[in-house]
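One structure below.
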Amino acid sequence: MPLYYPFLFFIGAYLLTFFTIPKIIGLVEYKNLMDNPNSRSSHIKKTPTLGGVAFFYTLIFALFFLRTWCDFDEAIYLIPGLTILFIIGLKDDLVVLSPYTKLIAQFIAIIFVLSNESFMIHSLNGFLGINEIPLYIYYAIGGFIMLTIINAYNLIDGIDGLAAIVGIVILIIYATIFYMTKEYFFLLISLTLNGCLIAFLKYNLSTTSEKIFMGDTGSLIVGFIISLLTLKFLALSPEKYDSLPFLIENIPLIAISILIVPLFDTARVFTIRLANKKSPFSADRNHTHHILIDYFKMSHRKASLVIGGFNLVFVYLFIILGSASYNFWLATVLVVTVIILGYLFYRFDYSFANVRRKIRFKRKVDNAKEKGKNIIRKNKG
């Protein structure tokens, strides 16, 4: 592959997204299709959404040129899934759909990917002693992986910059992996979407009128692409893995480490909701990013950078460990890390209601102290 190809796809996607998002903002404002803040929102004024529209047509445009790079016509199989999720995401941004309607749409979109031979997982390569797996197990595992990743990514899109920054980190890692394994179709898809996210980030973090959210339109599309990249990573042949700097049996754990932020946050939030006898899809402010904002008083930008930085450092650590440690020890590190993080968030009980109570209590204490000081001053006077 010519070296300028990755550059062309990345820059092309960046420019196309960068110059068309202002047009989307203008249309959304003209038609008054903006996102209204509510009790869960991290923004306080109406903000344009539908930033994901730019992701959709940029990816479709890129797939037209990428179709000749496919070994199994992957581009043709991706277009129906992208279109289904684009329509569902667009409708959800405009009128709000039930979580179960979105799940059905995701399942239909996933079927197109699972039916393509390029994504079929034939072996776990010795992970937990498992090698060859039957076809029906592949469909179950593949469907579960994609559904989990799509919804996990959708759920972290709660503050400015977070979904984009985490997506950029994940796509950089996958772009590197597919470059090393010479899977150029998936390398170029990773770079195309990364160009979209970097261009979008400028507007998402803007403090001016040129601000926009990606909405479900964007998060479902990005989650879909990340999920199929993960599936392809797990489906690579043993010969391809030889060029990667970690043991082949550690591949599933490396994949989990790449997606640690959305997976941990989703597992934690779902556990809290079920423990409180609520639907796992019910809305609240128990997400990790809400905790950093509500309790630690971080700005959206700082919280997003902290979480994205953690994701990058965690993956780097696991790649180092995965190059020498067998999956038992790597799995132990992963489980211990998740338990420690889970305990810390549970120990401090960061529900939104508790945060508000703590804030009110702190204000009362501060007021009482101030009144006490005033009384002392008067008595001394």
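The values are calculated or read from the model by the stated rules, or taken from the named source; none is laboratory data. Given the structure is predicted, the values throughout are model-derived calculations rather than measurements. Reconstructed Cβ throughout: ideal geometry from the backbone, glycine too, with neighbour counts over all protein chains shown. Heavy atoms of the whole protein, side chains included, go into the accessibility calculation; ligands, DNA and RNA do not. Shrake-Rupley method; radii C 1.70, N 1.55, O 1.52, S 1.80 Å.
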*Mind checking the per residue accessible area of the chain for me, 1.4 Å probe, whole number of Å²?*
49 Å²
*Given the options LYS31, LYS202, LYS240, state which has the largest fluctuation in a GNM of the chain using a 10 Å cut-off (strictly under) for Cα springs.*
LYS31
*Pick out, from ALA175, GLY195, ALA235, the residue whose Cα sits farthest towards the positive end of the charge dipole of the stretch 171-280, with +1 on the Cβ of Lys and Arg and -1 on the Cβ of Asp and Glu.*
GLY195
*Which distance in nm do the two modelled labels at ILE108 and LEU3 give, with both placed 7 Å along the Cα-to-Cβ direction?*
4.6 nm
*Estimated inter-spin distance, ASN367 and THR207, nm [label 7 Å along Cα→Cβ]*: 3.0 nm
*Please identify, among LEU191, LEU33, LEU317, the residue showing maximal mean-square fluctuation in a Gaussian network model of the chain using a 10 angstrom Cα cutoff.*
LEU317
*Express in nm, to one decimal, how much length is gained between ILE60 and VAL313 on full extension, taking 0.36 nm for each residue of separation and deducting their alpha carbon distance.*
87.9 nm
*May I ask for the angle, rounded to the nearest 10°, between helix 300-322 and the longest principal axis of the chain, with both axes built from Cα atoms and the value confined to 0 to 90°?*
40 degrees
*For semi-axes √(5λ) of the Cα gyration tensor in Å, the listed values are [x] 36, 24, 20; [y] 42, 25, 16; [z] 38, 27, 19; which was obtained by calculation from the structure presented?*
[z]
*Cβ-placed point charges (K, R +1; D, E -1), dipole of the chain about Cα centre in debye, nearest 20*: 3120 debye
*Please label the shape of the stretch 78-234 as rounded, prolate or oblate, based on the square roots a ≥ b ≥ c of the eigenvalues of the alpha-carbon gyration tensor (a/c under 1.5 means rounded; beyond that, a/b larger than b/c means prolate, else oblate).*
oblate
*Relative to the longest principal Cα axis of the chain, at what angle does helix 162-180 sit, 0 to 90 degrees, rounded to 10?*
20 degrees
*Under a 5 Å amide H to amide H cut-off, with H placed in plane at 1.01 Å, what residues pair with GLY126 once short-range neighbours are removed?*
ASN131
*Accessible-area order (highest first, 1.4 angstrom probe) of the listed residues TYR203, TYR136, TYR4, TYR77*: TYR136, TYR4, TYR77, TYR203
*Hey, what did the chain get for relative contact order, percent, Cα under 8 Å, at least 6 apart?*
21 percent
*Obtain the nm distance between the two label points defined at SER123 and LYS45 by a simple spin-label model: each point lies 7 Å from its Cα along the Cα-to-C-beta direction.*
5.9 nm
*With a ≥ b ≥ c the root eigenvalues of the C-alpha gyration tensor of the stretch 1-157, is it rounded (a/c under 1.5), prolate (a/b larger than b/c) or oblate?*
oblate
_When each of LYS202/LYS297; LYS23/LYS46; LYS202/LYS240; LYS31/LYS91; LYS23/LYS91; LYS23/LYS202 is checked by Cα-Cα distance, pairs over 25 Å_ = LYS202/LYS240
*Reach of LYS211 by Cα under 14 Å, taken over aspartates and glutamates that are not fewer than 8 positions away in the same chain*: GLU29, ASP35, ASP160
*Using a 1.4 Å probe over the heavy atoms of the protein chains, calculate the carbon and sulfur portion of the accessible area of the chain as a whole percent.*
67 percent
*asked:* Springs between alpha-carbon pairs under 10 angstrom, Gaussian network model over the chain: which of VAL95, VAL306, VAL113 fluctuates most?
replied: VAL95
_Can you tell me the length gained on complete extension of the stretch MET180 to ALA283, counting 0.36 nm per residue apart and subtracting the Cα distance?_
33.0 nm
*Which length gain, in nm to one decimal place, applies between ASN276 and ASN36 when the Cα-Cα distance is subtracted from 0.36 nm times their residue separation?*
83.7 nm
*Computed [θ] at 222 nm, helices only, for the chain once each DSSP H run of length n ≥ 4 contributes -39500 (n - 2.57)*: -24000 deg cm²/dmol
